[in-house]
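Each remark here refers to the structure printed beneath this line.
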């Protein structure tokens, strides 16, 4: 017998249904709280910590009882004009990332690698590319 069976064994329908309703409401509340907490986490990792570390002129720091905080460059990337993008990729010998569609994760990775290699990326009228810094914590 599992924990739930033991908990509800011998209860009548009204009691079990009341638990169901209460838990469903509690679950909805917790999901809302989790979403609010994640918004604050996003602010800290994408804005507050990167700005503080930039002011300090550092990109990695080890803090006692927290761990190592590092800044990583991430980006969002989306296609604005699929046909122009496909033409651009063909012109730049990069048609290997073209399939029926161009996956946004693949495109983002492609653009990030081209930037790292000092190569040209598709122009702003073809893609929307937005790099940003994100703080990460690893146990140290």
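What follows is calculated from the coordinates using simple rules that are stated; it is not laboratory data. None of the values given here were measured: they were computed from a predicted structure. Cβ atoms come from the backbone with ideal geometry, glycine included; neighbour counts cover every protein chain shown.
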* To do: Could you name every one of the helices (runs of 4 or more DSSP H) located completely within segment 11-103 that has at least 1 residues being more than 26 Å from the chain's Cα centre (by Cα) and surrounded by 10 or more Cβ atoms within 10 Å (Cβ to Cβ)?
  => 13-43, 82-91
* **Those residues of segment 123-140 which are touching a strand residue (DSSP E or B) at 6+ places or on another chain (Cβ under 8 Å) and in a loop (DSSP other than H, G, I, E, B), in sequence order** => 126, 139, 140
* To do: Please find, among 127, 115, the residue that is surrounded by 14 or more Cβ atoms within 10 Å (Cβ to Cβ) and either farther than 30 Å from residue 62 by Cβ or in contact with a helix residue (DSSP H, G or I) (Cβ under 6 Å, 6 or more places away or on another chain) (or both).
  => 127
